[in-house]
Amino acid sequence: MNRNNLYESIGHIDDKILERSEKNKRKKRHKRSRFVIALAAILTIAIVAGLFLAPENSPIVMTTYAIREASYPNMAPYPVESSPTFLEDYHAWSESVTAQKQELGYADNLKNFFTSSIQQILSSETSSNRAYSPLNVYLALGMIAEITDNNSRQQILDLLEADSIDTLRTQATALWNAHYRNDGATTSILASSLWLDDHISFVPSTLDTLADTYYASSYQGTMESTEMIEAFQNWLSKQTGGLLDEQVENITLDKKTIMVLATSIYFQAKWESEFEKSQTTSDTFHSLSGDITCDFMHKSTDGTYYWGDQFSAVGKRLNNDGGTMWFILPDEGVSIDNLLYDEQTMDFIMTRSERNTDDWENQKRLIINLSLPKFDITSQMDLAKDLQALGITDVFNSKSSDFSPLTTDMKGISISKVPHDVRVAIDEEGVTATAYTAMLLMGAAPPPDDKVDFILDRPFLFAITSDDGLPLFVGVVQHP
Amino acid sequence: MDDQQIVELYWQRNPDAIEQSRKKYGSYCFSVANNILGNCEDSEECVNDTWLHAWNGIPPHKPKVLRMFLAKIARNMAFNRFKLRSAKKRGSGEITSVLDELSECLVNESDVESELIAQELGICIQQFVRNLPTREGDIFSRRYFFTEPISDIAKGYGLTVNHTMVILSRTRNKLKKHLIKEGYIHE
């Protein structure tokens, strides 16, 4: 017998012991450093009063109370690895995850909406960071379609390519469920709510539809009261894990507003393959307004490198089926706006699905030396003009709008503003700088050898896609 | 995609099984192979061989733990490659130190390698590791199955390098006694 025999024989160690050694190791590592990606978005649509058709018929109340509460699906908790009932717990968890999944292709018709809205909303001549949640906006528009009729509704159905309100409802429910995860390990909730002024009677069946289809809760109170504003801000803060508190504090409700519709996404997940804290270095990012120094995380892994005529891209998986974050780097000389309006780039973003076989032509499996700046970006935009540019005009105009499914008390109701606040943070605790030599960046040509340096040291696009391939968030990082 | 679905794809002889395995475990198998070979090109080839062996092995196998099933194949592929190339002194992985440490468990090494010995010895080692306390078993597995550097193991379990070396040394002594007791080596 020799050392080789012994080494080979060690290959017979039980799988469960090998797994245990891995889990125990990972547990310790998580205690030492956490690498987390956290994202939140809110979209609030303020709907302002028009002319009362009926005298005030509701008493003014000074409390804010829930009139419809949406109930979320129950999910089995993510199993505790050391529990004696691990296998049973795992089975229950796995079943509840499968129950949320939808048929492949259930949202294929939304690609045009996602593409046109990403282009409209993210393109800008300014050098600010921007981020947009297409799913968030989709759900908000779906709800607006529920509370409007005639041409006001039709414009939304047209944009979302739904042939009827029923088709939209079915798809919205499917989409909501596909992106719902609340198992203690991953949190992803598309929460919605309606804040209604108690001077006005709202159509109860419409509120029921919103609770059943969009899981939206409704609250009623005196719009400008401190209590109502506090309740509203607390709801937004809770739904976004406190990530957007600074923005939330500035959101108020005024007397003219009769209803506010709020949708939010809160998403938190860990990288499937973590960055080593000790590899993080301080380096230069070439922003449009000049060079800045920021922390770059580094990781070398075996992965797929993609390229197009004007970009190169890599994806980084999020743990626990949490989806993938894609980093899309424009080639030298190509602006972010060029990329947004490049058909091939948008096609790339729209076809990223973990559940489909990836047939992107320009891809190669190799060792990727990824250098990614740590960033925590906040984006604040009013989407009113963008939505109008996308063809939704009637609801913004008190003369042409039709909000009859919402209330019969008044006419001339219109949407006044559509603020969309997003924050995306890639977080790491603690930094130890070590020397790192940045190498030349690969352009759009196929990578030459077996490895590539993918250095995101100038403005880039990112997209976070769910396992279905739908874009949860898309953004532009100009300043990490 | 979860592991059972991937295994199901192998059973259906659906080539997507390989693509899904590659997506989920490509970098994992790469690191298993690269710990042994310390050479990206060779490790990458081992990973590609791993999918071929998995394709040939499932069915008849229906692995309960796909990750470890693939890890074992990748480890075998990499070690075979190491043996073939060691004559050419190629590669500088952790494996050389690991093998030197393992030789401490043996009294006299024979050049004769036998698959039969490896099989029987495998069961003997399996029993030995089962009876180790959790932490010793884990650290032994990380070092001698996964071929990880001692510093990485120490970091992973929140220990000092010195402490980890002491634990490994004690476990090797225990293994030597076990091998003597089972009649594989003679004092």
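The values are calculated or read from the model by the stated rules, or taken from the named source; none is laboratory data. Since this is a predicted model, take the numbers as computed values, not measurements. Cβ: placed from backbone, ideal geometry, glycine included. Neighbour counts: every protein chain shown.
Some points to look at:
- The lone exception for A:Asp337 - which of (1) among the acidic types (Asp, Glu); (2) in contact with a Ser or Thr (Cβ under 7 Å, 6 or more places away or on another chain); (3) modelled with pLDDT under 90 it fails: (3)
- Scanning the stretch A:317-325 for any residue that is within 13 Å of A:Pro459 (Cα to Cα) and free of Cβ contacts under 8 Å to residues at least 60 places away in the same chain turns up nothing.
- The stretch A:186-203, subset surrounded by fewer than 23 Cβ atoms within 10 Å (Cβ to Cβ) and of a type in the set (Gly, Ala, Ser), residue nearest to A:Thr324 (Cα to Cα): A:Ser188
- Residue list for the stretch B:52-69, filter: in contact with a Ser or Thr (Cβ under 9 Å, 6 or more places away or on another chain) and either basic (Lys, Arg) or within 11 Å of chain A (Cβ to nearest Cβ) (or both): B:Leu66
- Tallying residues that are under 20 Å from the mean Cα position of the chain (by Cα) and modelled with pLDDT of 80 or more within the stretch A:74-117 yields 17.
- Scanning the stretch B:63-79 for residues that are surrounded by 14 or more Cβ atoms within 10 Å (Cβ to Cβ) and of a type in the set (D, E, K, R) turns up B:Arg67, B:Lys72, B:Arg75.
- Taken over the stretch B:174-187, residues that are free of Cβ contacts under 8 Å to residues at least 40 places away in the same chain and either touching a Leu at 6+ places or on another chain (Cβ under 8 Å) or more than 13 Å from chain A (Cβ to nearest Cβ) (or both) amount to 2.
- Flag if B:Asn34 is surrounded by fewer than 18 Cβ atoms within 10 Å (Cβ to Cβ) and either in contact with a Lys or Arg (Cβ under 6 Å, 6 or more places away or on another chain) or part of a helix (DSSP H, G or I) (or both): no
- Within the span defined as the stretch A:366-376, one or more residues are under 25 Å from the mean Cα position of the chain (by Cα), under 26 Å from A:Val422 (Cα atoms) and part of a loop (DSSP other than H, G, I, E, B).
Results for (1) surrounded by fewer than 16 Cβ atoms within 10 Å (Cβ to Cβ); (2) basic (Lys, Arg); (3) within 7 Å of chain A (Cβ to nearest Cβ), shown as yes or no for each residue.
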{"site": "B:Gln119", "(1), (2), (3)": "yes, no, no"}
{"site": "B:Ile123", "(1), (2), (3)": "yes, no, yes"}
{"site": "B:Asn131", "(1), (2), (3)": "yes, no, no"}
{"site": "B:Arg142", "(1), (2), (3)": "no, yes, yes"}
{"site": "B:Ser151", "(1), (2), (3)": "yes, no, no"}
{"site": "B:Lys155", "(1), (2), (3)": "no, yes, no"}
{"site": "B:Leu159", "(1), (2), (3)": "no, no, no"}
